[in-house]
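The values are calculated or read from the model by the stated rules, or taken from the named source; none is laboratory data. Bear in mind the structure is a predicted one, so any value in this text is a computation, not a measurement. Cβ atoms come from the backbone with ideal geometry, glycine included; neighbour counts cover every protein chain shown. Just so you know, the surface numbers come from the protein's heavy atoms only, side chains and all, with ligands and any DNA or RNA stripped out. Shrake-Rupley method; radii C 1.70, N 1.55, O 1.52, S 1.80 Å.
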Amino acid sequence: MPCLPYAEGDKPTIDPKCCTGLQNLVATATSKNDKVTACHCLEDAFQKFPAIQDKYMKAIPNLCNVTIPFPLSKDMKCDK
C-alpha cells in the first residue's frame, strides 16, 4: 500500500516504505514459483486499483534501485 499514492500519480515522490517493501519482496521471492506468485499479487493489485498508471509503476524499481525479474505493467504475463 505505500506504493499506491505514487503509482496512482497522486504523490510526486515515492514513499521509502514502498522501496523497503519491494526490496523485501525481491529478497524473499527466490524460487521461480515465488517469483510467479509475487507477480500474480502485483497483477491482482492492478485489477483492484484501476487508477494505477503504468508509467509510474514501471518507474518504481528504478527509483528504489531494485531489480525485479519481471516488468511492472498492466500487461504483465506472470505465467510466461
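Tabulated results
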| quantity | calculated |
| --- | --- |
| Correct option for semi-axes √(5λ) of the Cα gyration tensor in Å [calculated from the coordinates] among (1) 70, 21, 6; (2) 46, 10, 8; (3) 19, 15, 10 | (3) |
| The chain: Cys lacking any partner C-beta under 4.7 angstrom | CYS41 |
| Which listed pairs, of LYS17/LYS58; LYS17/LYS48; LYS11/LYS77; LYS11/LYS80, have C-alpha distances above 25 Å, in listed order | LYS11/LYS77; LYS11/LYS80 |
| Acute angle (nearest 10 degrees) that the helix 32-48 long axis makes with the longest principal axis of the chain, alpha-carbon atoms | 30 |
| Solvent-accessible area per residue for the chain (1.4 angstrom probe, square angstrom) | 65 |
| C-alpha long axis of helix 16-28 to longest principal axis of the chain, angle in ° | 0 |
| Cβ-based net charge around LYS32, under 13 Å, with every Lys or Arg adding one and every Asp or Glu removing one | 0 |
| Segment 7-71, accessible surface, carbon-and-sulfur percent (1.4 angstrom probe) | 55 |
| Contact order normalised by residue count of the chain, Cα under 8 Å, 6+ apart, percent | 36 |
| Cβ-based net charge around ALA51, under 9 Å, with every Lys or Arg adding one and every Asp or Glu removing one | -2 |
